[in-house]
Structures are given as structure tokens and as C-alpha cells.
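Contents: one structure, followed by commentary.
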Amino acid sequence: MSASNPPEKLEIDLSNYRFIQLDVFTNEPFAGNPLAVFPEAEGLSDQEMMKIAREMNLS
């Protein structure tokens with residue numbers, strides 16, 4: 001990432017949202033693909049959800 005394009009700042013207070021992190025496509029812990037599920041994501045825009053996924057390095 002270049003200095004001319006700093007990363008976007010995540011300005012969402014995630015403490016207001018409950019989320020569950022799962023390992024999918026596997027039967028073993030800490031394997032497969034990590035996935036974050038926000039069961040009550042009301043109020044988050046598509047853009048905010050994409051920023052959260054990028055910040056958490058998840059899908």
C-alpha cells in the first residue's frame with residue numbers, strides 16, 4: 001500500500017454488534033475458511049460490511 005493511498009479508517013463501533021466467527025468447509029477447528037457472521041447487522045450499510053470484512057480479513 002502506498003503512502004498516497006492510506007487504508008480507509010474503520011469508523012464503526014463494533015462493540016455494538018455481536019458476531020460469531022466460524023470455520024467453514026471443514027470438520028476440524030482452526031481449519032477451512034474463517035467466516036464472521038453478524039446475526040443482527042441492522043443499521044450496517046453494504047459499504048460498512050465490506051469494510052468490516054476487509055478489516056477482519058474474512059469473507
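Structure notes:
- Restricted to segment 11-20, and to residues there that are assigned to a loop (DSSP other than H, G, I, E, B) and surrounded by 11 or more Cβ atoms within 10 Å (Cβ to Cβ), the residue that is modelled with the lowest pLDDT is Ile12.
- Output for segment 21-59, where each listed residue is part of a loop (DSSP other than H, G, I, E, B) and out of contact with any Phe, Trp or Tyr (no Cβ under 9 Å at 6 or more places or on another chain): Phe25, Thr26, Asn27, Glu28, Pro29, Phe30, Glu42, Ser45, Asn57, Leu58, Ser59
- Residue list for segment 37-51, restricted to those being without any contact (Cβ under 8 Å) to a residue 12 or more places away in the chain and of a type in the set (A, V, I, L, M): Met49, Met50
- Residues located in segment 21-55, provided they are among the small types (Gly, Ala, Ser), more than 9 Å from the chain's Cα centre (by Cα), under 18 Å from Glu11 (Cα atoms) and surrounded by 10 or more Cβ atoms within 10 Å (Cβ to Cβ): Ala41, Ser45
- Against the numbered list (1) over 12 Å from the mean Cα position of the chain (by Cα); (2) at pLDDT below 90, Leu58 comes up short only at (1).
The values are calculated or read from the model by the stated rules, or taken from the named source; none is laboratory data. Treat the numbers as computed from the prediction; the structure is a model and nothing was measured. All Cβ positions, glycine included, derive from the backbone under ideal geometry; neighbour counts span all protein chains shown.
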